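The values are calculated or read from the model by the stated rules, or taken from the named source; none is laboratory data. All values reported here derive from a predicted model rather than from experimental measurement. Cβ placement follows ideal geometry from the backbone for every residue including glycine, while neighbour counts extend to all protein chains displayed. These area figures cover heavy atoms from the full protein model, side chains too; ligands, DNA and RNA do not enter into them. Shrake-Rupley method; radii C 1.70, N 1.55, O 1.52, S 1.80 Å.
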Amino acid sequence: DTEVTQTPKHLVMGMTNKKSLKCEQHMGHRAMYWYKQKAKKPPELMFVYSYEKLSINESVPSRFSPECPNSSLLNLHLHALQPEDSALYLCASSQGRERAYEQYFGPGTRLTVT
Amino acid sequence: LAKTTQPISMDSYEGQEVNITCSHNNIATNDYITWYQQFPSQGPRFIIQGYKTKVTNEVASLFIPADRKSSTLSLPRVSLSDTAVYYCLVAANNNDMRFGAGTRLTVKP
């Protein structure tokens, strides 16, 4: 199984809502990532988890809160978002972060903040 | 962190070989060169990775000169389904995976 799954596929939320994005992989990968991608722009790295510990936070606003409950799951909790946070949120996993291993990406969650 | 420079866009025709060059003048000794492909509204997909010389797999070849300051992704006999954005990344580890602007390849019939 070389698949990374993300739910939901689409999400519309108001600025006062709290929602969560979920990501799952069963490849035994020990590193997982969140990226944000705006239209016609490259993916931007947000967070990196390695062995279930947060190793990188790319100065992401606190309204985005990542969580890694176990080695297969990665969540992104959203609260009080702004319309400019509307984007495609991509999850990825890799064998590790110690060297530049191949990353497997999920299909993404299309988020719209109204 | 090494930065990359790629052409913004390229056009090709079905059946042709396409070569996309990426410049990375500040590449470090421990950096690997990785290429990803992305279709609209999908996550990027790994194509190929190399450190030096030439790497070939079932979908592409990667040519890296001795100074490693550039690399060329070669796609043999492209088809319409190869229309996508191609990203070149240079990183020593997965903490450094910063995507550059990418090259938008359009394959015409």
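Here are the numbers for this structure:
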item: Residue in the range A:14-27 that is facing another protein chain (nearest Cβ under 10 Å) and touching a residue at least 40 places away in the same chain (Cβ under 8 Å) present; result: no
item: Scope the range B:35-85; condition farther than 14 Å from residue B:103 by Cα, within 13 Å of chain A (Cβ to nearest Cβ) and of a type in the set (Ser, Thr, Tyr); matching residues; result: B:41, B:51
item: Selection from the range A:35-71 of residues that are surrounded by fewer than 16 Cβ atoms within 10 Å (Cβ to Cβ) and polar (S, T, N, Q); result: A:55, A:57, A:59, A:62, A:65, A:70
item: Counted residues, the range B:86-109 - those being open to solvent by 50 Å² or more (accessible area, probe 1.4 Å), within 13 Å of chain A (Cβ to nearest Cβ) and either more than 30 Å from residue A:56 (Cα to Cα) or aliphatic (A, V, I, L, M) (or both); result: 1
item: Failed criterion for residue A:93 (all others in (1) away from every other protein chain (no Cβ under 14 Å); (2) crowded, with 17+ Cβ neighbours inside 10 Å; (3) closer than 10 Å to residue A:23 by Cα; (4) not β-branched (Val, Ile, Thr) hold); result: (1)
item: Listing of strands (runs of 3 or more DSSP E) fully contained in the range B:42-82 that carry 2 or more residues being loosely packed, with under 14 Cβ neighbours inside 10 Å; result: B:53-56
